[in-house]
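**Q** The structure is given below, and queries will be raised subsequently.
The values are calculated or read from the model by the stated rules, or taken from the named source; none is laboratory data. Bear in mind that the values here come from a model prediction, so they are computed numbers and not experimental data. Counting neighbours? That spans all protein chains shown, and the Cβs are built from the backbone with ideal geometry, glycine included.
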Amino acid sequence: MAKWSDRGLTVAGQGRKGTRLDQLNDPKRIFIDGNDTLYICDYMNHRVISIDHEGFLYIANWGNHCVVKWHKNANNGEIVAGGDGSGTGLDRLHLPSDAIVDTQSDGAFLVADTLNHRILRFQLGSRMGAIIAGVGGKGSGDTELNSPLNLALDSQGNLYVSDSDNDRIQMFPRI
């Protein structure tokens with residue numbers, strides 16, 4: 001029979017509610033992918049946090065229209081996408097809801113840019129994204145999304161998108 005320690009180890013948050021990037025407020029869901037990246041739905045802070053196997057946190061900060069990257073021992077994070085207010089340009093986000101690391105690349109990450117109805121891919125070090133899903137804008141067609149919320153990559157690198165207001169999950173094959 002499997003056994004676990006009776007002592008927990010805090011890996012995210014400080015055990016009290018807060019809005020700082022090192023705090024959580026009502027975390028609702030967690031998920032660990034095949035690359036040991038931990039995802040946290042920080043419900044009352046309107047953000048999704050992912051922690052990759054190298055110890056970096058990627059926080060989709062809904063209210064501040066940005067994605068912030070933190071090292072687990074850092075005192076400050078670095079805005080790696082958005083952050084200059086909401087907008088429609090490829091350097092802007094409008095209520096991002098999820099950010100995940102593309103582990104099959106050299107540090108790129110993907111962002112669900114919810115109210116711009118698109119998924120952006122950012123190369124590490126670049127603040128300019130590229131649209132990889134939702135190229136048709138808001139809608140219900142094969143190239144369109146309507147309020148995408150969550151992202152997942154399978155072992156082949158295929159992208160799955162929770163297309164919220166279309167009540168569907170879209171799969172975009174990696175080519």
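**Q** What number of residues within region 143-175 are in contact (Cβ under 8 Å) with a residue 12 or more places away in the chain and either among the small types (G, A, S) or not in a strand (DSSP E or B) (or both)?
**A** So the count comes out to 14.
**Q** Please indicate, with yes or no, whether at least one residue in region 24-31 is touching a strand residue (DSSP E or B) at 6+ places or on another chain (Cβ under 6 Å), at pLDDT 75 or above, surrounded by 12 or more Cβ atoms within 10 Å (Cβ to Cβ) and more than 29 Å from Q104 (Cβ to Cβ).
**A** Looking through region 24-31, at least one residue is touching a strand residue (DSSP E or B) at 6+ places or on another chain (Cβ under 6 Å), at pLDDT 75 or above, surrounded by 12 or more Cβ atoms within 10 Å (Cβ to Cβ) and more than 29 Å from Q104 (Cβ to Cβ).
**Q** Check region 84-92 and report whether any residue there is surrounded by fewer than 22 Cβ atoms within 10 Å (Cβ to Cβ), hydrophobic (A, V, I, L, M, F, W, C) and in a strand (DSSP E or B).
**A** No; the residues of region 84-92 include none that is surrounded by fewer than 22 Cβ atoms within 10 Å (Cβ to Cβ), hydrophobic (A, V, I, L, M, F, W, C) and in a strand (DSSP E or B).
**Q** What number of residues within region 93-123 satisfy the criterion of being in a loop (DSSP other than H, G, I, E, B), in contact with an Asp or Glu (Cβ under 7 Å, 6 or more places away or on another chain) and β-branched (V, I, T)?
**A** So the count comes out to 0.
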